[in-house]
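The structure appears right after this line, and notes come after that.
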6 protein chains.
Amino acid sequence: MLIQSVLAFSFLFVASYASVQDFCVADLSLPDTPSGFPCKDVKKLSVSDFVYSGLGAAGNTSNLIKAAVTPAFTAQFPGVNGLGISLARLDLAVGGVVPMHTHPGASELLVIIEGTICAGFISSANAVYFKTLYKGDIMVFPQGLLHFQINSGKGPALAFVSFGSPSPGLQITDFALFANDLPTEIVAATTFLDVAQIKKLKGVLGGSN
Amino acid sequence: MLIQSVLAFSFLFVASYASVQDFCVADLSLPDTPSGFPCKDVKKLSVSDFVYSGLGAAGNTSNLIKAAVTPAFTAQFPGVNGLGISLARLDLAVGGVVPMHTHPGASELLVIIEGTICAGFISSANAVYFKTLYKGDIMVFPQGLLHFQINSGKGPALAFVSFGSPSPGLQITDFALFANDLPTEIVAATTFLDVAQIKKLKGVLGGSN
Amino acid sequence: MLIQSVLAFSFLFVASYASVQDFCVADLSLPDTPSGFPCKDVKKLSVSDFVYSGLGAAGNTSNLIKAAVTPAFTAQFPGVNGLGISLARLDLAVGGVVPMHTHPGASELLVIIEGTICAGFISSANAVYFKTLYKGDIMVFPQGLLHFQINSGKGPALAFVSFGSPSPGLQITDFALFANDLPTEIVAATTFLDVAQIKKLKGVLGGSN
Amino acid sequence: MLIQSVLAFSFLFVASYASVQDFCVADLSLPDTPSGFPCKDVKKLSVSDFVYSGLGAAGNTSNLIKAAVTPAFTAQFPGVNGLGISLARLDLAVGGVVPMHTHPGASELLVIIEGTICAGFISSANAVYFKTLYKGDIMVFPQGLLHFQINSGKGPALAFVSFGSPSPGLQITDFALFANDLPTEIVAATTFLDVAQIKKLKGVLGGSN
Amino acid sequence: MLIQSVLAFSFLFVASYASVQDFCVADLSLPDTPSGFPCKDVKKLSVSDFVYSGLGAAGNTSNLIKAAVTPAFTAQFPGVNGLGISLARLDLAVGGVVPMHTHPGASELLVIIEGTICAGFISSANAVYFKTLYKGDIMVFPQGLLHFQINSGKGPALAFVSFGSPSPGLQITDFALFANDLPTEIVAATTFLDVAQIKKLKGVLGGSN
Amino acid sequence: MLIQSVLAFSFLFVASYASVQDFCVADLSLPDTPSGFPCKDVKKLSVSDFVYSGLGAAGNTSNLIKAAVTPAFTAQFPGVNGLGISLARLDLAVGGVVPMHTHPGASELLVIIEGTICAGFISSANAVYFKTLYKGDIMVFPQGLLHFQINSGKGPALAFVSFGSPSPGLQITDFALFANDLPTEIVAATTFLDVAQIKKLKGVLGGSN
């Protein structure tokens, strides 16, 4: 009889809260909203929706910057949708660089797993904060400010970066300026760079105009 | 002529603001989002969408805990969707108990309407705050912390609890540990409880494994 | 030896989290901030900081509107500071009225404890939503919209109102227009009311100019 | 070979972030949500989605209040959806008035472009703050509080008002009270206005009951 | 006797809400907090705290960029503290340019008051959105993204820009890179710019190292 | 002359934005607020305020649970104050366990650096989600829900956990129930645990009453 009562009680509570929203795994097939993607049906979720293995392998650093950023944002890992956090893996080969960039929508925390990284950011007041970081060091990069990471050691470096948003965005200054069809004259007028310099980098990065 | 001008003016304003969002009554037939359910068409709303009578009758306390929690969350009362508040009714028969639980997404305010309730919560710093409350007393339970309510009087007790979220969630510790298929060995390892104790409560609360 | 290990473990954790902010009981002696008052020292808190008894007694309804609103906002109940919720008690004698008003910073949920109340609100689109509410009924009033409550029964009425802010604010339209020194000509120009009507209400409500 | 590497790098990054949400231009054909409308497909956007020309022409002030408010809210300018800001144009002919009103969901900043405007607001504590503003002056109106603007100069006035919400709402007190079917007896009971005054304004503003 | 009752009622309400926070004018003499500056004492406020005249005069455009940005942020206009909005005036002489920049903490709305401005922004996905804007046109720049404004007309241009934050921040890319002591080798490594180009701009903008 | 103009321009901008708030390094000597600690003076900051080395060394796992959690929250790392993120290091010796716990104020992301961890959480709907995680795997734990981590491998395990709050809090269920002076009868009534079991764990964990 005890069991019977309890089950009744259990039913009461569980039924009442069936639609409570503890989480909201993104249904990427539906249109996004300002607060994130609509939620997948809770009944169709399993633990796999909350686990992601895509950061387990090193990114390919055979490129100009000798670096790879592998994100686990909503687009890759729908389980973080609506939860205000995400993660990325950063691989830097010897000499590797994450070029000057911003995350328009989130602050960032970097933790060094392996190697030596010189990292820094620049404030609105134009002050520069940079330091060489070693294994286990962490550094915070406040939201929206320009920052960079350079492998300053003799071997490869590995770091994880966490963000205070499931879709923090990433704007690499060089790509914004030189890897699209923004006219050279506008780039020149708004950056004071020489036209020859702009055309050179547009050539390298695939920009036109 | 005065009326004419005013009506023109009226039309101007009202037309302009026709789609302004004062509220967002949940359309529960559509997928949820991180900010709540999509809104029902304003043109189809009436005052009934903003009124709920489901808390008028006492909940059934003929169960093990001699208690009933009757929620008016978004799932029951779609009018609170997106407005950051909700309410529940708490009935406690003599000896009734709301077991140790948390609301993952909201703080709670309890107001005693009838009877005597011993209520308390435990902080992250492990401090205990509990007190016997009488008719008219209110107590606040900060977001996410373990708390409980016990009818410590000689008659039934009635209270209303308000939340700072339209879907505050509810996690009853005993149900989380003993009323599902979480393996006994994991429960034991993560709670230090004796296996016999775990199996006993799994039996009572319907858990397996 | 078991106990020894555990205590060491206990110390480790508790020390680490000593300054975690579960709550922030207002220190009303310090200047307010946009997010609420600075916090009292956690070490000086007791359960009394989270309990308030000021809503236990009926408010004095021997006044023009035969109504009394007794708030438990941050100013009266510092325990709600920073937690996003608060409560008030509403007493309405026979014929009592809470005049047309708004809460600039919060939505409101009304629960009828005793009596009969006709309550309503008006949307930005100028639609009117009102209904007679009975014991146990609840109604939600979306943030910032004009609303009112009238005792429409034959006996006194009692209700509790919860808010999605610890300092929801209250702007009674009549007081804003007629109970201060806002010049009559400005009131007339911005409300289309007759000057005689304005002067009459300024007289009643204590306004000047 | 340099170009090849860079393009590979470019592809890596751009692909990864393809679905990052920098903005969320409203798809007004879908149901709204508490955080705003679902987003249009990024691939279908052009600069036109972020530019609006509807505030370029003066509003029609040939009406009772000799004023026109032309909004650029989400409904008119879907590009602001989810971005927390919007704008409106305010034209006041000689003698023009924006009647006493509130924005339930946003604070407002007014900047005078041309002419002279007497503007003010009333606080919850019933204090009145008003001043005559000249070209270039700005004034802030805190969220949800009653405020007004009157052309107090000898020529027409032009101002722009910005809001801290893409859908700030607008509730004109006179329209809420007199331009709908809210019964005269309720208006009288909740405002203390004389029935004759109410009926007169209902007549002017198109209200019934 | 009527008056007497009402005054009692008035006292009841006004006293209760005396410390409600409608606004929070910054006391810039106290340390800032994450939500803004602590509030000035309400009793010491006047309408002057909510009005600012500093945008009335044209900024001085006799400089390299032939442009002036005159802000009305919390630092200049303490009345916007905690209200989520602010404003700035933008003067552009013939040929004037606001160089490529971001606002780390807010979206921006630009309204053209006079003249012709070519304005644009670049998204995280590296897409370019730019257009020539004329008097009365408005354009929105989503939070944290690189954007610019160029006077593309034959006369001076004037615009106002509103922000969804009382302290939106401003990071001009050129200043961040070339107007401080960030070492040339780091700038080169993180931007791919030629060292000669960097040194040239450091010379112009006052940077060292 | 070019340099002169630019410097003037530089001064104009930098002066205007001197007090812009990009970040808010906590001044832990001042009282906390609901949004975090007041900010240290920007002029006294250096890069050290944004870097923390306290997670570099393994925590001491010579305790009952064979585990150590080393936090970098606001209290340890004031640079994250107000930025919405923080980090902790998790060391698990062979057989180590992080007992069932919640973070009242934040979601959590776990990344496995070394070893094998069985991790899981339980939802409000009482569903269990757990899985064995290997090096490089990440798992998200939604805000406020009970979760745990167990070293299920044959060697030590190392993980980093990031949070969507600078002060996420931590409530270990066992400590909340058994390591303070919460009376045994209340624990029994609110958990259904046997009194003998409670007293045993109170003995182990240092609780009284």
All positions within region A:177-209 that are more than 20 Å from A:ALA68 (Cβ to Cβ) and among the aliphatic types (A, V, I, L, M): A:LEU177, A:LEU182, A:ILE186, A:VAL187, A:ALA188, A:ALA189, A:LEU193, A:VAL195, A:ALA196, A:ILE198, A:LEU201
Per the filter on region B:124-165, residues touching a strand residue (DSSP E or B) at 6+ places or on another chain (Cβ under 7 Å) and either farther than 21 Å from C:SER162 by Cα or basic (Lys, Arg) (or both) are B:SER124, B:VAL128, B:TYR129, B:PHE130, B:LYS131, B:THR132, B:LYS135, B:LEU146, B:ILE150, B:ASN151, B:SER152, B:PRO156
Is it fair to say E:ALA176 is touching a strand residue (DSSP E or B) at 6+ places or on another chain (Cβ under 7 Å) and at pLDDT 95 or above? yes
Residue pairs qualifying under the 7 Å Cβ cut-off, at least six apart or on distinct chains, with the first in region B:20-33 being in contact (Cβ under 8 Å) with a residue 12 or more places away in the chain and the second being aromatic (Phe, Trp, Tyr), are B:ALA26/B:PHE37; B:ASP27/B:PHE37; B:LEU28/B:PHE37
Looking only at region F:73-92, which residues are open to solvent by less than 10 Å² (accessible area, probe 1.4 Å), more than 14 Å from chain E (Cβ to nearest Cβ) and under 23 Å from E:PRO31 (Cβ atoms)? F:PHE73, F:PHE77
So D:GLN21 clears everything in (1) at pLDDT 95 or above; (2) touching an Asp or Glu at 6+ places or on another chain (Cβ under 7 Å); (3) open to solvent by less than 60 Å² (accessible area, probe 1.4 Å) except one condition, right? Which one? (1)
Does C:ALA106 fit the bill of being among the aliphatic types (A, V, I, L, M), part of a loop (DSSP other than H, G, I, E, B) and within 21 Å of B:TYR52 (Cβ to Cβ)? yes
Regarding region D:40-52, can at least one residue be identified that is more than 29 Å from A:GLY206 (Cα to Cα), under 18 Å from the mean Cα position of the chain (by Cα) and at pLDDT 95 or above? yes
Restricting attention to region D:20-46, and to residues there that are more than 9 Å from chain E (Cβ to nearest Cβ), in a loop (DSSP other than H, G, I, E, B) and hydroxyl-bearing (Ser, Thr, Tyr), which single residue is farthest from B:VAL42 (Cα to Cα)? D:SER35
Has region B:65-85 got any residue that is at pLDDT below 95 and over 16 Å from the mean Cα position of the chain (by Cα)? yes
Do the conditions hold for E:ASN151, that is, is it in contact with a Gly (Cβ under 6 Å, 6 or more places away or on another chain) and away from chain D (no Cβ under 14 Å)? yes
Tell me whether region C:53-72 contains one or more residues that are in contact with a Cys (Cβ under 8 Å, 6 or more places away or on another chain) and over 20 Å from B:SER165 (Cα atoms). no
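Can you pull out every residue in region D:93-103 that is away from chain C (no Cβ under 12 Å) and under 18 Å from C:PRO104 (Cα atoms)? Quick ask: steps written out before the conclusion?
Going residue by residue through region D:93-103, those that are away from chain C (no Cβ under 12 Å) are D:93-94.
Scanning region D:93-103 gives no hits.
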Out of (1) among the polar types (S, T, N, Q); (2) within 20 Å of D:PHE178 (Cα to Cα); (3) buried (at least 24 other Cβ atoms within 10 Å of the Cβ), what's the single condition that is false for D:ASN63? (3)
Given the structure, is C:GLY136 open to solvent by less than 20 Å² (accessible area, probe 1.4 Å), part of a loop (DSSP other than H, G, I, E, B) and either modelled with pLDDT of 95 or more or within 25 Å of D:GLN143 (Cα to Cα) (or both)? yes
Considering region F:105-133 alone, what residues qualify as being open to solvent by less than 10 Å² (accessible area, probe 1.4 Å) and either touching a residue at least 60 places away in the same chain (Cβ under 8 Å) or not assigned by TED's automatic domain parsing to the domain that holds F:PHE160 (or both)? F:ALA106, F:GLU108
Count, please, the residues in region D:194-209 that happen to be without any contact (Cβ under 8 Å) to a residue 12 or more places away in the chain and closer than 20 Å to C:PHE175 by Cβ. 2
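Does D:PRO168 satisfy being within 20 Å of the chain's Cα centre (by Cα) and either more than 7 Å from every other protein chain (Cβ to nearest Cβ) or at pLDDT 95 or above (or both)?
Considered against the rule, which asks whether it is within 20 Å of the chain's Cα centre (by Cα) and either more than 7 Å from every other protein chain (Cβ to nearest Cβ) or at pLDDT 95 or above (or both), D:PRO168 comes out as yes.
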Would you check if E:ALA179 is more than 8 Å from chain A (Cβ to nearest Cβ), open to solvent by 10 Å² or more (accessible area, probe 1.4 Å) and in contact with a helix residue (DSSP H, G or I) (Cβ under 7 Å, 6 or more places away or on another chain)? no
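Would you be able to say whether some residue in region A:183-202 is of a type in the set (Lys, Arg), under 30 Å from F:ILE112 (Cβ atoms) and either open to solvent by 20 Å² or more (accessible area, probe 1.4 Å) or away from chain E (no Cβ under 11 Å) (or both)?
Of the residues in region A:183-202, the ones of a type in the set (Lys, Arg) are A:199-200, A:202.
Filter again for under 30 Å from F:ILE112 (Cβ atoms), leaving none.
No, because not a single residue in region A:183-202 is of a type in the set (Lys, Arg), under 30 Å from F:ILE112 (Cβ atoms) and either open to solvent by 20 Å² or more (accessible area, probe 1.4 Å) or away from chain E (no Cβ under 11 Å) (or both).
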Would you call A:THR102 open to solvent by 10 Å² or more (accessible area, probe 1.4 Å), of a type in the set (Ser, Thr, Tyr) and under 14 Å from the mean Cα position of the chain (by Cα)? no
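Can you find, within region C:47-59, the residue that is nearest to the other protein chains (Cβ to nearest Cβ) among those that are touching a residue at least 24 places away in the same chain (Cβ under 8 Å) and part of a loop (DSSP other than H, G, I, E, B)?
Filtering first and then ranking leaves C:LEU55.
Tell me which residues, restricted to region A:104-148, are hydroxyl-bearing (Ser, Thr, Tyr) and within 14 Å of chain E (Cβ to nearest Cβ).
A:SER107, A:SER123, A:SER124, A:TYR129, A:THR132
The values are calculated or read from the model by the stated rules, or taken from the named source; none is laboratory data. Please read these numbers as outputs of a predicted model, since none were measured by experiment. Cβ sites come from the backbone with ideal geometry, for glycine too, and all protein chains shown count toward neighbours. The protein model used for the area step is the full one, side chains on, heavy atoms only, and it has no ligands, DNA or RNA in it. Shrake-Rupley method; radii C 1.70, N 1.55, O 1.52, S 1.80 Å.
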